[in-house]
1. Within segment A:98-111, count every residue that is surrounded by fewer than 23 Cβ atoms within 10 Å (Cβ to Cβ) and either closer than 24 Å to residue A:208 by Cβ or modelled with pLDDT under 95 (or both).
2. Give me a count of the residues in segment A:18-36 that are surrounded by fewer than 20 Cβ atoms within 10 Å (Cβ to Cβ), touching a residue at least 12 places away in the same chain (Cβ under 8 Å), farther than 13 Å from residue A:117 by Cβ and away from every other protein chain (no Cβ under 14 Å).
3. Please determine, by comparing only the residues of segment B:79-90 that are in contact (Cβ under 8 Å) with a residue 40 or more places away in the chain and under 31 Å from the mean Cα position of the chain (by Cα), which one is surrounded by the fewest Cβ atoms within 10 Å (Cβ to Cβ).
4. Tally time: how many residues in segment B:257-292 are part of a strand (DSSP E or B) and farther than 12 Å from residue B:227 by Cβ?
5. Go through the residues of segment A:7-17 one by one and say whether even a single one is away from chain B (no Cβ under 14 Å), touching a helix residue (DSSP H, G or I) at 6+ places or on another chain (Cβ under 7 Å) and surrounded by 19 or more Cβ atoms within 10 Å (Cβ to Cβ).
6. For the subset of segment B:53-73 comprising residues that are within 12 Å of another protein chain (Cβ to nearest Cβ) and touching a residue at least 24 places away in the same chain (Cβ under 8 Å), which member is surrounded by the most Cβ atoms within 10 Å (Cβ to Cβ)?
7. From the residues in segment B:91-100 that are in contact (Cβ under 8 Å) with a residue 40 or more places away in the chain and within 10 Å of another protein chain (Cβ to nearest Cβ), which one is nearest to residue B:43 (Cα to Cα)?
């Protein structure tokens with residue numbers, strides 16, 4: 001993974017040098033603040049942990065479906081068009097470092113965006129509330145893992161698409177399918193096949209794995225491995241697509 | 001330093017590079033010439049490892065481009081035609097990024113940034129945003145990026161595109177200087193540039209090498225040196241032509257027709273024949289308006305290859321060395 005840190009640093013700096021990233025960060029802050037206050041005042045009657053639980057169960061998923069595709073859409077497709085990919089792939093770094101560096105830079109940005117909710121926890125803590133810190137940290141770790149999965153999917157889409165817009169559209173579509181995967185069972189199979197298909201989709205369901213552990217404050221290695229497997233598989237596929245580009249240029 | 005052996009690259013049914021072989025020794029500066037679509041960029045991309053060859057092998061510094069890709073990439077400074085740069089970064093940040101990609105220590109990167117910026121004449125632009133620079137300045141930043149790791153081999157694809165005439169002269173002399181320390185492969189379709197900088201040229205046409213050798217030898221092989229003679233009307237054209245054809249070293253004479261009160265002839269010869277033509281004119285009592293010598297130019301040579309020569313039938317090869325084990329691409 002030679003050159004990974006260099007690519008990661010450059011991509012992260014590149015994100016913060018673009019206005020889009022700042023706009024997304026500000027929008028996330030406002031969005032989270034709005035729903036957090038709503039949950040605190042209307043939903044949980046001032047119970048902080050309930051409000052944070054609600055945020056990670058509902059509003060978080062809308063962000064994670066849309067933000068990673070917007071962050072990653074240009075990372076490979078645009079660089080392929082501008083010639084930057086040619087520069088990177090002729091530098092003494094491996095293709096895997098290029099792909100992983102970009103995906104993890106987008107993840108780092110998402111980790112910062114996901115840190116808005118723990119920040120709210122700290123603020124209400126300073127005002128006298130008692131957030132469950134363990135649960136909050138677990139929720140943040142889960143949010144980062146889910147973000148990394150969607151960023152990897154975004155990178156894959158960017159590698160496979162010719163333009164950033166197409167990359168973002170395909171990634172958003174794929175994210176929606178992934179989030180609602182268990183609901184697809186009735187459309188995919190009927191009769192005797194329905195049960196095994198439902199069982200398989202339930203096992204692959206990202207939301208269920210998040211809810212079953214991180215959301216409740218439990219760090220279960222099985223769920224961590226589940227997310228890491230998805231991430232590695234998507235990054236592996238992205239590297240293969242980038243390698244294929246050499247043959248198709 | 002560079003060894004290309006029977007390399008072919010196909011894109012679907014199109015053959016971009018067709019069984020080419022050549023070898024470039026350490027310290028050589030070689031010009032890669034060809035029309036658009038001749039296969040220059042594809043050849044350079046295969047050398048840098050960006051594109052795999054469909055068949056054949058490429059070596060840089062003794063390392064196979066496919067098998068030891070990272071070793072090859074460490075040894076090559078590559079300036080692609082599109083000059084890829086991050087426009088949102090400052091010049092020094094772009095150069096520092098290249099230094100880190102090549103694993104150079106921080107101190108060394110700082111030292112090299114100063115050196116390469118001075119070399120390309122952009123020392124005062126170190127803090128400028130790349131996106132704010134002119135096209136010519138960005139081209140020079142691209143050259144600085146390629147030079148930063150001080151690689152033994154430089155591959156420059158159209159390094160002067162986007163330059164004004166004065167900048168072209170500067171870059172031309174810079175490339176000539178670089179040849180003192182690096183092995184340089186440079187492509188261009190601006191022939192006088194290659195003529196001024198590269199002793200050896202490789203000419204690609206429709207993916208095949210149609211000429212490879214030192215410029216002077218290729219010109220000799222072409223045999224296009226000629227004297228232009230303009231004789232005042234009077235003597236019969238057939239008689240003038242016959243006398244000129246009988247002069248020593250003359251290959252052939254072409255009657256260029258009448259221009260005002262004079263008739264022009266092109267006398268193709270192996271060496272400068274102005275002296276013998278002058279003596280003949282004095283002896284025969286001809287009145288000459290012009291007697292000039294036109295050695296062959298790369299431009300003429302190239303035009304001849306591009307327009308007339310069928311590469312399937314003829315390949316001009318002067319003294320370029322052939323890699324051991326690589327066949328002659330005729």
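The values are calculated or read from the model by the stated rules, or taken from the named source; none is laboratory data. Keep in mind it's a predicted model, so treat the numbers as computed, not measured. Here the Cβ positions follow ideal geometry from the backbone for every residue, glycine too, while neighbour counts run over all protein chains shown.
1. 1
2. Summing the residues that are surrounded by fewer than 20 Cβ atoms within 10 Å (Cβ to Cβ), touching a residue at least 12 places away in the same chain (Cβ under 8 Å), farther than 13 Å from residue A:117 by Cβ and away from every other protein chain (no Cβ under 14 Å) in segment A:18-36 gives 1.
3. Among residues in segment B:79-90 that are in contact (Cβ under 8 Å) with a residue 40 or more places away in the chain and under 31 Å from the mean Cα position of the chain (by Cα), the one surrounded by the fewest Cβ atoms within 10 Å (Cβ to Cβ) is B:87.
4. Total satisfying the criteria: 6.
5. no
6. Taking the candidates together, the pick is B:60.
7. B:98
Here is a yes/no grid of residues against (1) surrounded by 23 or more Cβ atoms within 10 Å (Cβ to Cβ); (2) in a strand (DSSP E or B); (3) modelled with pLDDT of 90 or more:
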site: B:145; (1), (2), (3): yes, no, yes
site: B:155; (1), (2), (3): yes, yes, yes
site: B:159; (1), (2), (3): yes, no, no
site: B:172; (1), (2), (3): no, no, no
site: B:177; (1), (2), (3): no, no, no
site: B:195; (1), (2), (3): no, no, no
site: B:203; (1), (2), (3): yes, yes, no
site: B:210; (1), (2), (3): yes, yes, no
